[in-house]
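What follows is a set of notes on a single structure, which appears directly below.
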Amino acid sequence: MAVLNWASSRTDTLSPGTTALLVITTWLLYVTGLAEFYYEYRYGGKYIFEIEQMHKEFVHDLHQQQRKPFDLFFSHMSINTRYWPMLADKALFLESRIQEYKAQGKAMRLDRAFSAFSADCIEGICTDDLKPGDGFLYQPDFGPEWYDGLLGLIRNAPIGEWTAWLSRTVHRHPRLTNYSSLGYIPQRLLLWLFPQGHIANKYDERTRTQIHKAVTQQHLSKDDSSEHIALFQALAQSNLSPADKTEERLVKEAKLIFLGGTISTGRTLGFVSYYILSRPYIKARLGGELRDVMTAWPEVVPTWIELEKLPYLQAVIKEALRLTYGFMRRLPRVSPDVAIQYKEYTIPPGTPLGMNAYLMHSNPEVYQDPDQFAPERWLAEDTKTMQRSYVTFTKGSRSCLGQDLSMAEISLVPAVLFRPDGPGMELFETDESDVKHVHNFVVPLPKFDSLGVRVMVR
Ligand code: HEM
C-alpha cells in the first residue's frame, strides 16, 4: 500500500507507464499474497523486514537514481570548471546591454534583465541547439512578454495546484489529445483560466523541440567527452531506465529545470541589487571589496573560488537569499515508517511534516530584527544558529539541484555590476515595496502593481 500511495503521489515525476506498471504489479502482489508468501517461506518469516526496508529505500533510492545524471552537471566542480566561462560571457553581455540604456536615457528593469540572464545560463547548460542571437538577453527590453508571462504563471500557480487532479484524469483519456504544454490541462480550459498561457506554450514548444532533437539525434561519437555534451543530450544517452527517458518525462524535467533555473535566481539578483543601490554604505563597502579582484575585468575574469572568498559579497548574497526565502510555503516531508521524536513530542510515521522557510527566516530568536536587510549579521563570529535555520535551498536529498549554479550567478553578476568602475546605476521610482514579498505563491512575490526594480544608467 505504501508503494501505491507513493506512486499516486509522484505521478508528476513518474511516467504514466511506470505509474500504471507499479500500480498493477503492486495490486497483483497484494491480491495474490505472492510477495508475502515468497519472503515468509523462502527466507523464513522475513516479510515484515522486507517491507520495512522497502519503505526506507524505495522512494529515496528512485529519486537519487533519477537525480544522479543531473548532479554531474550541477555540482560545484562542474559549475566552477565547465560553466564558469559561459557564465562570465553572459555576464559581460548583460553588462553591455545595460550600457545601451545609458545612451537611450530611459529607465530599465533590472529584474527582467536578470531573469533573462538566468534563463540564458540554464539554457546554455541544457542544450547546444542554440543559434547566435537566441536567448532572452538579446531581446528588446529583455523580453517583456515572456517575463510577464512567467510572473503570470507564478500568480496562477494555485490554479495549477488545484487542477492537478483534473490534469491527471484527462491525461489518461486517450481521446483527449489537445493538451496544453503547461501540463495536462486541456488547452481551452487553461487559456480561459490563464490567458497568458499562450506565451508559456510558445516556450514549452521550444523545450519540446530541443528534447526531441536530443532524443532522436543521439549523435555523440565515441570521441566526444561528457565535458562538451549538453544536459538534454546527456540525459537522452544516460543509463536512466527507458521509462525515465521518455520524451514526455524529459520534457517535464526540462520545464522544471528552466523554471527553477530562471525564477528564483533572477528574483534574488533583483532583490540584492535593490538593497545595494538603495544603501550607499553597502554599495561602498562592496565596491571596496571587489576592487582588486575585478580590476582587470573583463580581460581577467576572477574565478568563482575568488568570489566565494569575499566575505562581504557572500554576506550580502546570503542576506538576500534569507529574505527571498526560496519557497515561501511549507514543503512537506513524510517519514514513512519511523516515528520522529521532537523534544517531548512523538510524531507518528506517515504524518506529513513541513516547516516554512519564511517563518524560519523571520524568527527573531535566531535573526535579530529579522525584517532588516543586514548583511553584517553573517559576519559575526558565531553564525551557527543562523546557519542551522537557513533553508533557502532546503537541505538533504531533496534540496535544490541548482544551488551551486545559482550561487555562481548571484556571485558573478553583482561583482560585475557593482565593481568600482561598473555601470553607473541609480534606482528609478523604485522602493522597498517593489522587492518585499507580500504574496505567497510557489515562490514569493512583491505587490502586484510593482513595476519592477528600475534603474537609470548614467
Ligand atoms: C536562488 C535560486 C534558487 C532557489 C532559492 C531555489 C530553491 C529551491 C528549493 C527550496 C527547492 C526544494 C523544493 C522541494 O523541496 O520540493 C529546489 C528544488 C529544485 N531546484 Fe532550485 N532554487 C534556486 C535555483 C535553481 C536553479 C538555478 C536550478 C537549475 C538547475 C534549480 C532547479 C531545481 C530543481 C530541479 C529542484 C528539484 C530537486 C529535486 O527534487 O531533487 N533551482 N530549489
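The values are calculated or read from the model by the stated rules, or taken from the named source; none is laboratory data. Since the structure is predicted, the reported quantities are computational estimates derived from the model, not experimental observations. Cβ placement follows ideal geometry from the backbone for every residue including glycine, while neighbour counts extend to all protein chains displayed. All accessible areas refer to the heavy atoms of the entire protein, side chains included, with ligands and DNA or RNA removed. Shrake-Rupley method; radii C 1.70, N 1.55, O 1.52, S 1.80 Å.
Per-structure values
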quantity: Matching residues, segment 408-442, being in contact with a helix residue (DSSP H, G or I) (Cβ under 9 Å, 6 or more places away or on another chain) and of a type in the set (V, I, T); calculated: I410, V413, V416, T430, V435, V442
quantity: Qualifying residues in segment 80-92 (those that are surrounded by fewer than 23 Cβ atoms within 10 Å (Cβ to Cβ), closer than 30 Å to R454 by Cα and not small (G, A, S)) - the one farthest from the ligand (Cβ to nearest atom); calculated: L92
quantity: One residue from F136, F117, F142 being within 16 Å of the ligand (Cβ to nearest atom) and in contact (Cβ under 8 Å) with a residue 24 or more places away in the chain; calculated: F117
quantity: Only one of G270, G326, G287 that is open to solvent by less than 30 Å² (accessible area, probe 1.4 Å), within 16 Å of the ligand (Cβ to nearest atom) and part of a helix (DSSP H, G or I); calculated: G270
quantity: Top-ranked residue in segment 121-133 [being surrounded by fewer than 22 Cβ atoms within 10 Å (Cβ to Cβ) and within 16 Å of the ligand (Cβ to nearest atom); ranked as nearest to Q217 (Cα to Cα)]; calculated: T127
quantity: Residue within segment 409-424 that is within 9 Å of the ligand (Cβ to nearest atom) and either of a type in the set (K, R) or more than 16 Å from Y325 (Cβ to Cβ) (or both) present; calculated: yes
quantity: Answer residue from segment 352-368, given it is in a loop (DSSP other than H, G, I, E, B) and hydrophobic (A, V, I, L, M, F, W, C) and is farthest from the ligand (Cβ to nearest atom) among those; calculated: V366
quantity: E95 surrounded by 15 or more Cβ atoms within 10 Å (Cβ to Cβ) and either within 25 Å of Q233 (Cα to Cα) or among the β-branched types (V, I, T) (or both); calculated: no
quantity: Output for segment 78-108, where each listed residue is more than 18 Å from D120 (Cα to Cα), modelled with pLDDT of 95 or more and part of a helix (DSSP H, G or I); calculated: Q99, E100, Y101
quantity: Number of the exception - V300 against (1) more than 10 Å from the ligand (Cβ to nearest atom); (2) buried (at least 19 other Cβ atoms within 10 Å of the Cβ); (3) of a type outside the set (S, T, N, Q); calculated: (2)
quantity: Test: residue in segment 331-351 that is open to solvent by 60 Å² or more (accessible area, probe 1.4 Å) and within 11 Å of the ligand (Cβ to nearest atom); calculated: yes
